[in-house]
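Report on the following structure.
The values are calculated or read from the model by the stated rules, or taken from the named source; none is laboratory data. Quick caveat, the model's predicted, so the values are computed rather than measured. Here the Cβ is made from the backbone with ideal geometry for all residues, glycine too, and neighbour counts use every protein chain on show. Note: accessible area is taken over every heavy atom of the protein model, side chains too, but ligands, DNA and RNA are not part of it. Shrake-Rupley method; radii C 1.70, N 1.55, O 1.52, S 1.80 Å.
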Amino acid sequence: MHFRSRVHGAALAMAAMSAATLLMTACQPGPDSAGSAASPSGTAKKPAASFSGSPASTAPSGGTGASAEPAGDSTPKAPASVPATAKPATKTKTCAAESLKAFMYQADVRPPGTGTGAAIVEFTNMSGATCSLEGYPTVAGAANGTPEKNHPLTVTRTGSSSRVTLAPAAKAWVKMTFVQVQGEADGYCVSGTTPVTYPTLVVGLPSSGAHQLALEDGVLAECDNKVTVTAVTATKPS
């Protein structure tokens, strides 16, 4: 009886110890709740992230440890160049009539016939300053000393026109080609009209006045009161 009582008591003691152990195990916090218990605010802390390799802030090989410049072209840009303002070219003043000396002579190259055929007028800058001439001449026949009583000829222009600059004593020319008189003595005109003679011609230039001129070797004879003219040129015609 005493043996059975001891066995029974031992069994009760072991059962009590097992119950206590189970109770203590139930009261232990789990792995997930450990962080919650450690955080005073009740928010679980996240574990620190692990990195493999070098951190981004590591200075490049051979560098001084300064932080890297942001991506992009860091080359200094030169300031945009400002185009220079071109000064307009100064236009040389037109030669005044009184600054020109005009001289007329018969041309070497002229239409066949017995009249004047063609004549050249040479203009010389007699002033002490540079000036310019441009354009085509007007032509009129006149008697000596009466340029105002002239008879304008019908002018046909040939060639292009450009401005000719004349230094002091420089020269420019125009050439006039007439409808030629044919035959001997008084001659005749192919058109059937009567040849006309003028002791002088009045030759005008744009903005440079009118100049009354005579040929050295006689009067000017032509037909039909027509003339073909060149513009003022710096090249001496023949």
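Could you rank Val190, Val181 by how accessible they are, 1.4 Å probe, largest area first?
Values: Val190 125, Val181 5 Å².
The ordering from most to least exposed comes out as Val190, Val181.
Per residue, how large is the accessible surface of region 91-238? Use a 1.4 angstrom probe and give square angstrom. Walk me through the numbers before you get to the answer.
Numbers: 7350 Å² over 148 residues.
Heavy-atom SASA per residue in region 91-238 reads 50 Å².
Around Gly187, under 15 Å between beta carbons, what's the net of Lys plus Arg minus Asp minus Glu among the other residues? Could the numbers behind the result be given before it?
Numbers: positive: Arg110; negative: Glu184, Asp186, Glu222, Asp224.
That sum, taken over residues with Cβ under 15 Å, equals -3.
Could you compute the FRET efficiency for Val190 and Ala96, with r as their C-beta to C-beta distance and R0 at 45 Å, rounded to 0.05? Walk me through the numbers before you get to the answer.
Details: r = 41 Å, r/R0 = 0.91.
Once rounded, the FRET efficiency stands at 0.65.
When the accessible area of region 143-210 is split by element with a 1.4 Å probe, what percent falls to carbon and sulfur?
Working: 2010 of 3830 Å².
On region 143-210, the fraction of accessible area on carbon and sulfur atoms equals 52 percent.
Taking 7 Å along the Cα-to-C-beta vector as the label spot, tell me the Thr124-Thr156 distance in nanometres, rounded to one decimal.
3.3 nm
Given 0.36 nm per residue, what is the gain on full extension from Glu216 to Ala169 after removing their alpha carbon distance, in nm? Mind dumping the intermediate values first?
Details: separation 47, 0.36 × 47 = 16.92 nm, distance 2.20 nm.
My answer for the length gained is 14.7 nm.
In whole Å, how far is the Cα centre of region 182-238 from that of region 144-163?
9 Å
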